[in-house]
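Values quoted throughout were computed directly from the atomic coordinates according to the rules given, and no laboratory measurement underlies them. Computed from a predicted structure; not experimentally measured. A quick note on method: Cβ atoms are made from the backbone with ideal geometry, for glycine too, and the neighbour counts reach across all protein chains shown.
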Amino acid sequence: MELQDKVIKLVSEATKMDAANISLNTSFVDDLNLDSLDMVELMMKMEDEFGVEIPEDETENLKSIGDIVAYLKSKSH
Amino acid sequence: MIATYSDLKDKIILVTGAARGIGKSIALALSAQGAHVVFNYRGDESKAMSLKEELEKVGGKATGLKFDVTDYESMTKAIDEFTKSVGPISGLVNNAGVSKDTLLLRLKPDEISSIIDTNLKGAMMVTQALSRNFLKAENVSIVHMSSIVGLMGNPSQAAYAASKAGLIGFSKSVAKELASRNLRSNVICPGFIQTDMTDALNEKAKEEYSKSIPLGRFGTSEEVANLTCFLLSRASSYLTGEVIKIDGGLYI
């Protein structure tokens, strides 16, 4: 599975939002209505799933699915 | 008498300041319920070992972590190591505290700092250090050991009372912030409880104090431990952001 699809699947499971409605442009706050605590939990799930550490300061810059995918890609090299 | 809460069995609970007084009674009561008691200690390894043995003799597991509640770095390191190897901590008793009774006009800045750093900032830092872990745990319950003087004030205890009152605002904020994760945070305000601290009072003073208590006596640390077990257990599942006095009616 592509990284992008894995991220979408994880977000879909965490937010109960149909994966078909989630794309790279989906915003965590505007489209998925996540609050700051939801974001922390989601990032913790990402950390567990992808074995990376996402610092708190970084979380503020991750506003969409695309941002996360790009961030994870940058860490996997 | 100690009530038994079956859900406390194997629950991992950190109790700060468990070496003596109310903290020790709480640790013993939790051990008796079969909880896995985690306590912090500052220096003495042999004392920590004997506390561990004492707790395990009563029941449950016990683990000592070496950190001071005023030292954020060693605290986070010890907590992270523990939660990674054993599992998430789902109960916290912020009990570590110091007092230094002195008139306001003799109260020195470093004495204020020491009291606030341990009693208030320490509790805040331990809770903060555990917050990430709490998101992974279930049925988290936090109990902050405040004091009746945090509600009513007391001469010669201005800094102590301020630190204890501060815990109330902190607890209520935590209760609101993490309620959506089924985390509860409550405060206990003990009145006069028989401990080393009150044993130091002279007989006449004790008699005077007892007269002002409707139930006519000092409380025992076991009575405070009983309430703490209740708040940590799901028996109190709809109770959060609350402040409970346990003072024999002293402050009615």
- Message: Whole angstrom only: what separates the Cα centroid of the stretch A:18-46 from the Cα centroid of the stretch B:117-134?
- Response: 28 Å
- About the Cα centre of chain B, what is the dipole size in debye to 20, counting +1 per Lys and Arg Cβ and -1 per Asp and Glu Cβ, all else neutral? 480 debye
- Query: GNM on chain B, C-alpha springs below 10 Å: top fluctuator among B:VAL126, B:VAL86, B:VAL140?
  - Reply: B:VAL86
- Round to a whole angstrom and tell me the spacing of the C-alpha centers of the stretch B:198-247 and the stretch B:1-69. 20 Å
- Task: Can you bin the stretch B:107-247 into rounded, prolate or oblate? Criterion: square roots of the alpha carbon gyration tensor eigenvalues sorted a ≥ b ≥ c, rounded for a/c under 1.5, prolate for a/b above b/c, oblate for the rest.
- Result: oblate
- Charged-residue dipole, Cβ positions (Lys, Arg, Asp, Glu), the protein assembly as shown about Cα centre, Debye nearest 20: 1000 debye
- Task: Indicate the gyration tensor shape class of the stretch B:51-185 (rounded, prolate or oblate), computed on the Cα atoms with a ≥ b ≥ c the square roots of the eigenvalues: a/c under 1.5 is rounded; otherwise a/b larger than b/c is prolate and the rest oblate.
- Result: prolate
- Query: Where in chain B are the DSSP H helices whose C-alpha atoms run 27 Å or more along the long axis and whose mean Kyte hydropathy is at least 1.6?
  - Reply: none
- Message: Highest mean first, how do B:113-124, A:6-17 rank when packing is the count of other Cβ atoms within 10 Å averaged over residues?
- Response: B:113-124, A:6-17
- Query: So what's the projected area for the protein assembly as shown, the Cα convex hull averaged over all directions, in nm²?
  - Reply: 20.0 nm²
- Note on the structure: chain B: relative contact order from alpha carbon pairs under 8 Å, six or more residues apart, as a whole percent, is 20 percent
- How large is the charge dipole for the stretch A:3-76, taken about the Cα centre, if only the Cβ atoms of Lys, Arg (+1) and Asp, Glu (-1) carry charge, to the nearest 20 debye? 360 debye
- Selection from B:ALA161, B:GLY241, A:THR15 lying farthest towards where the dipole of the protein assembly as shown points positive, charges on Cβ: B:ALA161
- Item | Those lysines that a straight Cα-Cα span of less than 28 Å connects to B:LYS176, excepting residues fewer than 8 apart in one chain | A:LYS16, A:LYS45, A:LYS63, B:LYS9, B:LYS11, B:LYS77, B:LYS84, B:LYS121, B:LYS136, B:LYS164, B:LYS245
- Share of alpha-carbon pairs per 10 Å distance bin for the stretch A:3-76, given as whole %: 20, 64, 17
- Message: If each residue of separation counts as 0.36 nm, what is the full-extension length gain between B:ALA179 and B:ILE2 once their alpha-carbon separation is subtracted?
- Response: 60.9 nm
